[in-house]
Amino acid sequence: MKIALLGYGKMGKVIEKIALERGHEIVLRKSSSTSYSGIENADVAIDFSVPSSAVANISECLNKGIPIVSGTTGWLDDYPKMVALCENKNGSFIYGSNFSLGVNLFFELNNYLAKMMSKFKSYSASMEEIHHTQKLDAPSGTAISLANGIIENTEYKNWNLDKNSNENEIYIDAQRIENVPGTHSVFYTSEVDSIEIKHTAFSRDGFALGSIIAAEWLVNKKGVHTMKDVLELI
């Protein structure tokens, strides 16, 4: 499989290493200072860039008929536009706030726990997420996905970064600490006890491997998909 890497920072380099180990070929390593030259040779593209570049990267691929997997977060106001473009071009697109196998299982656990806790009003939900200091968006896309999972299954209406959130809002404590790949915790706290679920990433390798598995799955498919489709969690 010939892969175009859109974004060649720390994540891009880890993706390259694992892709080569799996027998794939890298035909483009795009950074902010280079062009899309060579992207037409790709079977699939993997986007781990920055929020300001994501829409341009995804659009370039969809307009050229190249399947695109995007793990860039912080640009989702434009997600409906990319879905519409994919459908208009009969393209292939996967966006994931997190491609780690463990995190996607954690998403399912979070949804299941939220459904259970919705019956017990004495518990209030809150979250904590910790990432490295180079992480540009806060809260992380993963934290937002977790919060949305709680909102969809409970009476909570929104999330908030303010510790003095309203009762119908989930407080997210977003921390940035040097050399932390990613830690996400969900808490349900009452006056007498607390329930916690937590996912801790040890390195970027899990995110990189998941994005490559998604890219392998997406080739020769059409439409807008998610990691639930890739991992058959639906």
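The values are calculated or read from the model by the stated rules, or taken from the named source; none is laboratory data. What you see is a predicted model, and the numbers here were worked out from it, not measured in a lab. Cβ coordinates were reconstructed from backbone atoms using ideal geometry, including for glycine residues, and neighbour counts include every protein chain displayed. Side chains included, ligands, DNA and RNA excluded: accessible areas come from the protein's heavy atoms. Shrake-Rupley method; radii C 1.70, N 1.55, O 1.52, S 1.80 Å.
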Chymotrypsin sites (Phe, Trp or Tyr not before Pro) in segment 158-234 lying in a DSSP loop, each with at most 13 other Cβ atoms within 10 Å of its Cβ, come to Phe202
Over all Cα pairs of segment 1-66, the Kirkwood radius sets Rh, and Rg/Rh then becomes 0.93
With N residues in segment 20-104, Rg(alpha-carbon) / (2.2 N^0.38 Å) equals 1.08
Taking every other residue with Cβ under 14 Å from the Cβ of Ile18 and scoring Lys and Arg +1, Asp and Glu -1, one gets 0
Here, chymotrypsin sites (Phe, Trp or Tyr not before Pro) of segment 23-130 satisfying both criteria (DSSP loop; at most 13 other Cβ within 10 Å) are Phe120
Simple spin-label estimate for Asp173/Ala84, 7 Å along Cα→Cβ, in nm, reads 4.1
Expressed per residue, the solvent accessible area of the chain in Å² (1.4 Å probe) is about 49
Here the alpha-carbon Rg of segment 80-181 over 2.2 N^0.38 Å rounds to 1.23
In segment 148-226, the GluC sites (Glu not before Pro) that sit in a DSSP loop and have at most 12 other Cβ atoms within 10 Å of their own Cβ are Glu155, Glu167, Glu178, Glu191
For segment 74-135, using Cα atoms only, the Rg and Dmax in Å read 16.6, 49
Looks like segment 159-202, by Cα gyration tensor root eigenvalues a ≥ b ≥ c and the a/c under 1.5 rounded cutoff (else prolate when a/b is bigger than b/c, oblate otherwise), is oblate
In whole Å, largest first, the alpha carbons of the chain cover along the principal axes 60, 38, 29
Here segment 140-234 gives, from Cα atoms, an Rg and Dmax in Å of 16.5, 53
Share of accessible surface on carbon and sulfur in segment 137-234, whole %, 1.4 Å probe and ligands ignored, is 47
